[in-house]
Amino acid sequence: MNITEKLLARAAGRDEVKPGEFVNCALDLVLANDITAPIAIDEFYNMGATAVFDPKKVALVCDHSTPNRNIDAAAQTKKVREFARAMGIPNYWEADQGGIEHIILPDKGLVLPGDVVIGADSHTCTYGALGAFSTGVGSTDAGAGMALGECWFRVPETIEVIYTGKLQPWVSGKDLILKLIGEIGVAGARYRALEFKGEVIESLEMAGRFTICNMAIEAGAKNGVVAPDEITLKWIEGRSQREPVVFASDADAQYCRTVEIDCNVLEPQVAFPHLPENTKGISEVGDVPIDQVVIGACTNGRLEDLREAAKVLEGRHVAEGIRCIVIPGSHAIHLEATREGLVERFLEAGCLVSTPTCGPCLGMHMGVLAEGERAIATTNRNFVGRMGHPQSEVYLASPAVAAASAIAGKIAGPED
Amino acid sequence: MKATGTAHKYGDHIDTDAIIAARYLSTTDPIELAAHCMQDIDAGFVERMEPGDIMVAGENFGCGSSREHAPIAIKAAGVSAVIAANFARIFYRNALNIGLPIIESPEAAAAINTGDEVTVDTEAGTIVDHTTGQEFRFQPLDGIAAELVEAGGLVPMVKEKLAARK
């Protein structure tokens with residue numbers, strides 16, 4: 001079996017599973033956010049549930065509209081907060097304990113290798129970077145998960161993605177996943193698992209692995225996964241009292257497809273509007289003036305991402321008229337970035353530094369685009385209207401490319 | 001389920017931001033959500049459509065965000081069924097969970113045009129395009145998907161499970 005099959009088999013109490021089979025899995029964590037939890041809570045009660053299956057295995061994160069963008073959003077977060085209190089859910093955080101869901105849950109040690117996780121947010125696939133099976137669901141599935149502690153899945157076929165060679169300067173996890181989506185398309189892994197491997201992945205730090213798995217959904221995948229190794233185990237050290245369960249794919253594991261990407265010739269990637277599959281190498285971008293830059297999100301809001309952006313911005317200034325918004329992924333990251341001097345560097349370079357939020361990524365608040373405006377962002381989606389007006393445009397790239405573009409006032413690589 | 005209505009056709013990779021933009025997600029009221037259904041890619045949809053109409057799309061319908069507000073908006077707008085070449089997986093689950101009829105038929109999705117009068121019969125597994133006279137057969141749901149439809153969605157199914165545990 002491959003890792004995804006082993007993870008699902010264990011959670012289903014089975015020795016073996018095969019692609020296409022339906023399994024009922026015990027859940028290690030159920031997540032919902034301020035957009036999806038309100039419906040999950042309503043359906044939870046409509047199901048006749050009175051208590052969550054295990055308060056420690058439920059996490060409710062208010063991050064999309066926070067700090068509350070308007071009265072309706074405030075009512076939604078209030079509803080989530082009151083539910084968390086009523087159910088005795090410890091994994092609900094305010095202010096300095098909070099941040100973007102897919103950044104803080106791993107940081108707080110709530111996901112470990114071996115876990116099976118569902119979240120009412122499509123980027124729940126992020127945690128596959130830890131060697132967990134983790135997938136996005138809707139609110140009703142999350143409500144059922146909170147009530148029952150289990151969820152049904154169809155065991156997916158798996159595509160293995162092998163990254164060979166050596167990463168070139170300024171090429172990061174974001175470029176690795178954008179390149180793949182460009183190759184296989186936004187439906188290329190629909191209903192399937194993506195297993196990321198190869199020498200480049202083996203030497204990639206966790207931040208890069210999280211970014212890659214975060215965007216597995218942008219290829220349509222059910223989940224993305226990286227085999228846990230020394231880097232994983234070192235990263236989770238001291239984060240949890242629980243023991244990780246480490247799986248590796250067998251030598252004779254089955255894959256429905258193998259994709260190889262040669263990183264010796266991989267340059268920074270940019271995804272053009274309006275699909276993440278519209279990727280080009282930075283050298284082929286041409287002249288694309290921008291109005292706004294967003295550096296952050298569950299994709300690239302980690303400390304490593306901020307360091308990468310700060311390195312590019314050091315001693316430079318954002319081009320006149322460009323709004324460059326930097327959003328640390330959590331309060332803890334914001335504090336550490338301040339201690340390291342990164343925040344000062346951003347401010348000196350003319351960037352705005354925001355409190356943690358998903359805000360602009362989905363056009364919710366904190367950087368919404370007007371008609372005809374264009375942004376480059378380290379976020380994960382560039383659909384029509386994603387960051388604001390339906391006639392605005394979003395280009396996706398790494399923190400290094402986003403920072404370089406802020407300086408140039410148009411899309412540019414860190415070498416430019 | 002048998003329904004007849006006018007077809008409204010869209011292309012491939014219709015994402016859930018297009019179905020219901022995030023700026024409208026500070027509510028869970030189906031009627032409010034329905035008022036903005038498809039707004040960013042087809043501003044006139046809500047005004048044009050009649051209750052019972054049928055949505056038709058290409059590949060990977062409902063990709064992107066897991067927001068259940070998307071199938072809720074479509075259902076509350078009065079759409080009786082969505083026919084697509086295929087669906088993104090979270091949307092597929094969500095639609096079954098909330099009882100929005102969805103049909104995978106690449107042939108029908110390709111052949112039906114906007115404005116055609118279409119009848120969908122999920123028991124018989126047929127789609128009839130009365131405007132062109134074409135008929136399409138599709139594989140009825142099986143496994144857990146069929147059980148979900150039979151139960152009337154995930155809520156009643158879980159309700160029964162919870163009651164049995166007591």
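Any read-out appearing in this document is the output of simple, stated calculations on the displayed coordinates, not a laboratory observation. The model shown is predicted, which means the values in this text are computed figures rather than measured ones. Cβ: placed from backbone, ideal geometry, glycine included. Neighbour counts: every protein chain shown.
Counting only other chain Cβ atoms within 10 Å of each residue's Cβ, the peptide A:378-391 averages 4. Computed about the Cα centre, the dipole magnitude for the range A:270-408 is approximately 220 debye when only Lys and Arg (+1) and Asp and Glu (-1) carry charge, each at its Cβ. The alpha carbon convex hull volume per residue for the protein assembly as shown rounds to 139 Å³. Dipole magnitude for the protein assembly as shown: computed about the Cα centre from +1 point charges on Lys and Arg Cβ and -1 point charges on Asp and Glu Cβ, it is near 1240 debye.
Taking beta carbons within 10 Å but only from partner chains, what does the mean come to for residues A:140-153?
Across the residues of A:140-153, the mean count of other-chain Cβ atoms within 10 Å is 4.
In chain A, helices alone account for a calculated mean residue ellipticity at 222 nm of -8500 deg cm²/dmol, with every DSSP H run of four or more residues adding -39,500 (n - 2.57). By the count of other C-beta atoms within 10 Å, a proxy for reagent exposure, B:Glu68, B:Glu32, B:Glu47 are ordered fewest to most as B:Glu47, B:Glu32, B:Glu68.
By the count of other C-beta atoms within 10 Å, a proxy for reagent exposure, A:Glu5, B:Glu117 are ordered fewest to most as B:Glu117, A:Glu5.
Ellipticity at 222 nm from helices only: DSSP H runs of n ≥ 4 in chain B, each -39500 (n - 2.57), divided by the residue count, give -9000 deg cm²/dmol. Under 17 Å from the 7 Å Cα→Cβ point of B:Ala124, by amide nitrogen: which residues of the range B:54-68? Residues passing the 17 Å test: none. Only beta bridges with both residues in the range A:242-380 are counted; by DSSP, about 25 percent of them are antiparallel. DSSP beta bridges confined to chain A are antiparallel in about 20 percent of cases.
Of the residues A:Arg374, B:Arg137, the one with the fewest other Cβ atoms within 10 Å heads the list, and the complete ranking is B:Arg137, A:Arg374.
With both residues required to sit in the range B:2-165, DSSP beta bridges show an antiparallel share near 50%.
Each principal axis of the Cα atoms in the range A:3-261 has its own extent, and those three values, largest first, are 51, 42, 36 angstrom. Of the residues B:Leu25, A:Val171, B:Ala73, the one whose Cα sits farthest toward the positive end of the charge dipole of the protein assembly as shown, with +1 on the Cβ of Lys and Arg and -1 on the Cβ of Asp and Glu, is B:Leu25. Volume per residue for the range A:236-329 equals 213 cubic angstrom (convex hull of Cα atoms).
When the charge dipole of chain B is built from unit charges on Cβ atoms (+1 for Lys and Arg, -1 for Asp and Glu) and taken about the Cα centre, the candidate among B:Asn86, B:Ala35, B:Ala164 whose Cα reaches farthest toward its positive end is B:Ala164. Its convex hull of Cα atoms gives the range A:1-120 a direction-averaged projected area, equal to a quarter of the hull surface, of 8.4 nm².
Basic side chains Lys and Arg get +1 at the Cβ, acidic Asp and Glu get -1 at the Cβ, and with that the dipole of the range B:2-165 about its Cα centre reaches some 600 debye.
Annotation for B:Lys161 and A:Ala26: the two label points, set 7 Å from Cα along the Cα-Cβ direction, are 1.5 nm apart. For the residues of B:157-164, the average number of beta carbons from a partner chain within 10 Å of their own beta carbon is 5.
Across the range A:3-261, Cα pairs under 8 Å and at least six residues apart give a relative contact order of 24 percent. Within the range B:2-165, the proportion of Cα pairs with more than 23 Å between them is 35 percent. Can you tell which of A:Gly296, A:Val111, A:Gln97 lies farthest toward the positive end of the dipole of chain A, using +1 and -1 charges on the Cβ of basic and acidic side chains (Lys, Arg; Asp, Glu)? The one lying farthest along the dipole's positive direction is A:Gln97. Report the Cα centroid-to-centroid distance between the range A:40-74 and the range B:1-76 in angstrom, as an integer. If we compute the Cα centre of each part, the gap is 24 Å.
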